[in-house]
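Peer 1: I'd like to ask some things about the structure below.
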Amino acid sequence: MIESATFHVITTELVVGSFALAGLCFVLHSLISIQNKESQLVTKMDSTAHIALLFGLFALPFAISSGISSSPSGAHTSPLLANKMLLSTAGGGLALGVLFTRWRMGSGDSSRHLHNAFGSISTGCMLLTASLGGTYTRADSLTEFLPFVKETTFLLPEWMSIFVILLILGALIVRQTSAVKHG
Amino acid sequence: MKQKLVLILALSLIVPLHVSGNPGGVGNSLENMQCGGACHGDANQNATSNLQLSLEPSRTVWVGQPTEIIVQVSGFDSSHDVDQIGIFLLSSTNANNDLPTSDGWTILSDGMGGSNNYIEYASIDSNVLTHSWILRAEEVGEKQLYVSVHHGDNSGNDAGSPFFGVSQAFEITVEAIPENLQRIDPEYQPPTSREVGESTTLCLETIAASDVIIEWREPSGESYQLETIQNNVCWNAVLPSALTASTIEWRAILEGEGPQQTTPWFSLASTEPTWEADETALMLQSIAHFVLFFGLVLLVRKPDRRDDEFKAYTEENL
């Protein structure tokens with residue numbers, strides 16, 4: 001039987017590799033489209049970024065769940081592990097949002113760069129999460145210049161988390177209702 | 001454009017080429033020799049350590065009884081300029097299944113508040129480093145133990161390389177214990193760590209002991225004796241709480257029919273209370289993060305296609 005820690009390594013490699021490719025393609029997509037909107041590379045970068053992001057998003061739940069079960073004491077016992085969890089869910093939310101908007105709203109010129117920026121930030125969240133994993137297991141990573149991410153966690157009270165969830169869901173419902181009326 | 005892309009990719013692959021093990025260490029843990037490559041990476045990259053490694057067991061090692069294994073690492077300064085060192089206690093050099101626990105030993109204490117076969121020292125203060133493990137043999141017979149080290153080096157031709165060293169085999173004979181000799185119960189597990197400000201009530205289970213005295217000593221070496229009270233199951237004594245993060249040692253002196261028996265010194269590390277958050281709040285916040293950032297992307301994005309369709313529809317009617 002494969003151990004949680006081993007499975008976590010496999011799944012995080014998948015997530016990090018996919019998100020890194022997606023992030024690179026999002027950045028290049030913006031850079032290339034600034035120079036030449038008609039370039040074939042623009043379409044290729046756009047497709048590659050979204051497919052890689054989708055693949056990474058599929059692997060993400062496995063990475064998070066195996067990460068939680070491979071920690072002997074749980075994510076709530078270390079600020080570093082807590083930040084890993086918060087960053088990975090933030091990155092996952094961004095990635096899902098990017099894919100959803102691309103699917104439902106298309107690739108409009110006006111919001112292309114904003115869309116790519118969200119995709120890149122999602123990648124940044126995942127790479128930082130992976131880097132924190134390096135700090136946790138090896139006490140060394142490429143983000144040693146960010147000590148506050150390893151020592152400090154901004155924790156919200158339960159009621160505020162629930163309030164944020166309800167607020168965003170409410171805003172999405174209002175937005176959807178408004179769009180239906182206009183449509 | 002393609003050339004620039006290839007150049008950027010090539011440069012990004014070249015940047016993280018500096019490889020030097022884990023400068024921060026990996027923490028005390030149960031590790032096979034070479035940590036399965038997780039500590040210093042590929043074993044072929046290691047330089048050979050010139051540190052001298054020795055191991056000294058107790059004079060008599062009884063089966064089922066705690067025994068002190070003293071490890072000495074010497075040659076600092078003369079051989080290496082070392083900041084941090086990791087020391088392994090191994091039962092073979094297979095680099096697989098070579099933990100003492102795989103060869104009929106139980107690690108009761110690693111001297112640093114845990115029960116690991118691999119421990120790390122963050123700094124070296126003298127030419128000789130002495131460290132003790134407390135083991136318990138589970139079976140009678142001949143056994144072998146090895147000492148191994150991982151470290152870096154700030155001087156010499158291989159400065160900056162990861163270093164590895166392993167000792168010769170040290171033979172240990174585990175003997176059967178005389179039947180009526182007073183002793184600790186073979187199942188007894190001594191506490192290895194506690195939080196600062198917390199006292200520790202020992203409950204020492206013994207066999208054939210008529211009296212037990214507990215002796216403990218501060219890090220400075222000053223020692224104290226505690227009387228024990230026998231209840232049905234064990235001998236009770238209370239070790240006082242520590243005011244700061246530190247390690248005290250304690251041992252038991254057993255009286256009975258046989259000659260007085262003294263256990264090895266058991267280490268008891270006091271650590272600062274660990275950071276802990278409300279697990280439910282953290283889970284809820286994770287969900288909130290997911291929903292928040294998902295919603296954020298949707299809410300700041302203008303629905304281009306629908307706008308265009310609506311615009312086209314209104315223009316047509318005009």
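Read-outs: derived from the displayed coordinates by stated rules, not from any lab. All values derive from a computational prediction rather than experimental measurement. Note: ideal-geometry Cβ built from the backbone for every residue, glycine included; neighbour counts use all protein chains shown.
Peer 1: Which loop GluC sites (Glu not before Pro) in the range A:86-173, with loop taken from DSSP, have no more than 15 other Cβ atoms within 10 angstrom of their Cβ?
Peer 2: A:Glu144
Peer 1: Can I get the semi-axes of chain B's equivalent ellipsoid? Compute them from the C-alpha gyration tensor as square roots of 5 times the eigenvalues, in angstrom, largest first.
Peer 2: Each semi-axis is √(5λ); the values are 53, 31, 18 Å.
Peer 1: Between A:Trp103 and A:Phe62, what is 0.36 nm times their sequence separation minus the Cα-Cα distance? Round to one decimal in nm. Before the final figure, lay out each step's value.
Peer 2: Working: separation 41, 0.36 × 41 = 14.76 nm, distance 2.37 nm.
Difference between extended and current length: 12.4 nm.
Peer 1: Calculate the translational D of chain A in whole µm² s⁻¹ from Stokes-Einstein, where the hydrodynamic radius comes from the Kirkwood formula applied to all Cα pairs, the temperature is 4 °C and the viscosity 1.567 mPa s.
Peer 2: The calculation lands on 72 µm²/s.
Peer 1: Short version: ³J(HN,Hα) in whole Hz for each residue of the range B:175-187, in order, from phi by Karplus 6.51 cos²θ - 1.76 cosθ + 1.60 (θ = phi - 60°), x for Gly and Pro, what are they?
Peer 2: Once rounded to whole Hz, the list reads 10, 6, 8, x, 4, 9, 6, 5, 7, 7, 4, x, 8.
Peer 1: Please report A:Val15, A:Val9, B:Val61 as a ranked list, fewest other C-beta atoms within 10 angstrom at the top and most at the bottom. Don't skip to the answer; put the middle values down first.
Peer 2: Details: A:Val15 28, A:Val9 17, B:Val61 21.
Ranked by crowding around the Cβ, least crowded first: A:Val9, B:Val61, A:Val15.
Peer 1: Nearest 10 degrees is fine. How inclined is helix B:2-14 to the longest principal axis of chain B, computing both from alpha carbons?
Peer 2: It works out to around 10 degrees.
Peer 1: Give me the one-decimal nm value for the distance between modelled label points at B:Asp125 and B:Trp275, 7 Å along each residue's Cα-to-Cβ direction.
Peer 2: About 2.8 nm separates the two model spin labels.
Peer 1: Label-point separation (nm) for B:Gln225 and B:Asn154, each offset 7 Å from Cα along Cα-to-Cβ?
Peer 2: Once both label points are built, they end up 4.6 nm from each other.
Peer 1: Neighbour counts of other C-beta atoms within 10 Å: give me A:Lys37, A:Lys150 arranged from fewest to most.
Peer 2: By the 10 Å Cβ count, ascending, the order reads A:Lys37, A:Lys150.
Peer 1: Counting only chymotrypsin sites (Phe, Trp or Tyr not before Pro) that are in a DSSP loop and have at most 10 other C-beta atoms within 10 Å, tell me the longest site-free stretch of chain A.
Peer 2: Details: sites that count: A:Phe145, A:Phe154.
Between the exposed loop sites, the longest stretch runs A:1-144.
Peer 1: For B:Gly256, enumerate residues with amide H under 5 Å from its amide H, sequence gap 5+ or separate chain, H modeled in the peptide plane.
Peer 2: Result for B:Gly256 returns B:Ser210.
Peer 1: Now for a separate question. If I model a spin label as a point 7 Å beyond the Cα along the Cα-Cβ vector, how far apart are those points for A:Ala5 and A:Ser47 in nm?
Peer 2: In this crude spin-label approximation the distance works out to 4.3 nm.
Peer 1: What is the mean projected area of the alpha carbon convex hull for the range B:183-271, to one decimal in square nanometres?
Peer 2: 5.6
Peer 1: Further, regarding this structure: Once Lys and Arg get +1 and Asp and Glu get -1 on their Cβ, which of B:Asn116, B:Gly64, B:Leu89 lies farthest toward the positive end of the dipole of the range B:20-175?
Peer 2: B:Gly64
Peer 1: Still on this model: Gain in length, B:Ser193 to B:Ser74, computed as 0.36 nm per residue apart minus the alpha-carbon separation, to one decimal in nm?
Peer 2: 40.0 nm
Peer 1: Nothing charged except the Cβ atoms of Lys and Arg (+1) and of Asp and Glu (-1): what's the magnitude of the dipole of the range A:4-152 about its Cα centre? Round to the nearest 20 debye. Could the numbers behind the result be given before it?
Peer 2: Working: 8 positive and 7 negative charges, 48 e Å.
In debye, rounded to 20, the range A:4-152 gives about 240.
Peer 1: Moving on to the next point. On each of the three principal axes of the Cα atoms of the range B:20-175, give max minus min coordinate, whole Å, ordered largest first.
Peer 2: Dimensions of the range B:20-175 along the principal axes of its Cα atoms: 47, 29, 27 Å.
Peer 1: Okay, next question. Sort by residue number and report every cysteine in the protein assembly as shown with no other cysteine beta carbon within a distance under 4.7 Å.
Peer 2: So, A:Cys25, A:Cys125.
Peer 1: Tell me the angle of helix B:304-317 to the major Cα principal axis of chain B, expressed in degrees between 0 and 90 and rounded to the nearest ten.
Peer 2: Between helix and principal axis, roughly 20 degrees.
Peer 1: Helix A:112-138 against the longest principal axis of chain A: what's the angle in degrees, Cα atoms only, rounded to the nearest 10?
Peer 2: Helix A:112-138 sits at roughly 10 degrees to that axis.
Peer 1: Then there's this: Within 10 Å of each candidate Cβ there may be at most 12 other Cβ atoms; applying that plus a DSSP loop requirement, which trypsin sites (Lys or Arg not before Pro) in the range B:56-145 survive? Present the calculation step by step, with values, prior to reporting the outcome.
Peer 2: Working: sites: B:Arg59, B:Arg136, B:Lys143; in loops: B:Arg59.
Passing both the DSSP loop test and the Cβ count: B:Arg59.
Peer 1: Enumerate the aspartates and glutamates that B:Lys143 could reach by cross-link, defined here as Cα to Cα under 14 Å, with residues fewer than 8 away along the same chain left out.
Peer 2: Within reach: B:Glu56, B:Asp98, B:Asp103, B:Glu171, B:Glu175.
Peer 1: Could you please rank A:Ser47, B:Ser123, A:Ser88, A:Ser4, placing first whichever residue has the fewest other Cβ atoms within 10 Å of its Cβ?
Peer 2: B:Ser123, A:Ser47, A:Ser4, A:Ser88
Peer 1: While we're on this one: Within chain B, what's the longest run with no GluC sites (Glu not before Pro) in a DSSP loop and at most 16 other beta-carbon atoms within 10 Å? Give the range, please.
Peer 2: That would be B:1-137.
Peer 1: Name the residues whose placed amide hydrogens come within less than 5 Å of the amide hydrogen of B:Leu108, ignoring near sequence neighbours (fewer than 5 apart) on the same chain.
Peer 2: For B:Leu108, the qualifying residues are B:Ile134, B:Leu135, B:Arg136.
Peer 1: What percent of all Cα-Cα pairs in the protein assembly as shown falls in each 10 Å bin, counting up from 0?
Peer 2: Spelled out bin by bin, the protein assembly as shown gives 4, 15, 20, 20, 16, 11, 7, 4, 2, 1, 0, 0 percent.
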